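Here is the structure we will look at.
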Amino acid sequence: MVPTEIRPATAADLDAIALLHAEARATYYRGRIPDHLFDSPAEHARTRDGWGRAIARGDVLCAVRDGKIVGVAAHRSDDGVLTLTQLHVAPSHWRHGIGSALHTACLTAWRRAGARTARLEVYEHNTRAQAFYAARGWTPDPDGPRAGAHLVLILRLDGAAGE
């Protein structure tokens with residue numbers, strides 16, 4: 001298997017990240033919500049801008065194989081709450097350990113920063129992602145297990161699974 005390099009994203013990665021993001025989101029949104037909500041020029045511009053801001057903050061990690069970005073993870077800390085905002089792997093690279101490598105790199109960075117708990121929201125119909133996170137120790141947030149059409153999960157970083 002070709003090794004995966006995990007590295008911080010740069011501004012030069014923005015177009016590849018935005019394309020990967022759109023491709024991955026389509027796998028779980030298509031047929032469940034109107035296409036224009038995830039696959040329109042306006043939505044692509046909005047999400048590209050969001051990725052650009054996250055990259056500028058230094059909150060994005062890329063997984064690279066053979067010189068191509070095949071996975072991406074973004075996180076942020078607001079008011080002391082660490083949130084995994086995105087974790088996507090190109091569908092053509094699913095089940096090759098890329099998501100696991102990104103997840104482990106996130107855990108390492110979060111622990112180094114002193115974080116004790118992380119949260120994320122996962123689309124209620126994205127059962128693939130739900131299984132991925134459950135296998136790594138993420139559990140429903142007992143204080144607020146839903147946010148609209150998303151499940152809210154938390155991970156205690158002291159003794160977290162998935163490394």
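The values are calculated or read from the model by the stated rules, or taken from the named source; none is laboratory data. Note that the coordinates shown come from a computational prediction; the quantities given were computed from them, not determined experimentally. Positions of Cβ are backbone-derived with ideal geometry, glycine not excepted, and every protein chain shown enters the neighbour counts.
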Selection count, the range 90-143, where residues are under 24 Å from residue 68 (Cβ atoms), among the hydrophobic types (A, V, I, L, M, F, W, C) and not in a helix (DSSP H, G or I):
2
Scan 45, 16, 63 and give me the residue that is modelled with pLDDT of 95 or more, assigned to a helix (DSSP H, G or I) and farther than 22 Å from residue 150 by Cα.
16
Any residue that is of a type outside the set (Lys, Arg), surrounded by fewer than 20 Cβ atoms within 10 Å (Cβ to Cβ), out of contact with any strand residue (DSSP E or B) (no Cβ under 8 Å at 6 or more places or on another chain) and at pLDDT below 90 - is there at least one of those in the range 96-109?
no
Within the range 43-91, how many residues are touching a strand residue (DSSP E or B) at 6+ places or on another chain (Cβ under 8 Å) and not β-branched (Val, Ile, Thr)?
21
Does the range 77-95 include one or more residues that are surrounded by 19 or more Cβ atoms within 10 Å (Cβ to Cβ) and touching a His at 6+ places or on another chain (Cβ under 6 Å)?
yes
Consider residue 143 carefully, then state whether it is closer than 18 Å to residue 78 by Cβ and surrounded by fewer than 17 Cβ atoms within 10 Å (Cβ to Cβ).
yes
Filter the range 144-155 for residues that are outside any loop (DSSP other than H, G, I, E, B) and modelled with pLDDT under 90 and give the result.
146
If residue 55 satisfies every condition in (1) without any contact (Cβ under 8 Å) to a residue 24 or more places away in the chain; (2) among the hydrophobic types (A, V, I, L, M, F, W, C); (3) crowded, with 20+ Cβ neighbours inside 10 Å but one, which is the exception?
(1)
Confirm whether residue 9 is within 16 Å of the chain's Cα centre (by Cα), of a type in the set (Gly, Ala, Ser) and at pLDDT below 90.
no
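Kindly provide the set of residues from the range 66-76 that are loosely packed, with under 14 Cβ neighbours inside 10 Å, of a type in the set (Gly, Ala, Ser) and assigned to a strand (DSSP E or B), ordered by number. Step through it out loud before you land on a result.
The initial filter retains those residues of the range 66-76 that are loosely packed, with under 14 Cβ neighbours inside 10 Å, namely 66-68.
Right, trim to of a type in the set (Gly, Ala, Ser) and you get 67.
Correct list: empty.
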Criterion: of a type in the set (Lys, Arg) and surrounded by 13 or more Cβ atoms within 10 Å (Cβ to Cβ) - qualifying residue of 136, 116
136
Result of the Cβ filter at 6 Å on the range 135-163, keeping first residues that are of a type in the set (Phe, Trp, Tyr) and partners that are at pLDDT 90 or above and part of a strand (DSSP E or B), at least 6 apart or interchain, is 138/153; 138/155
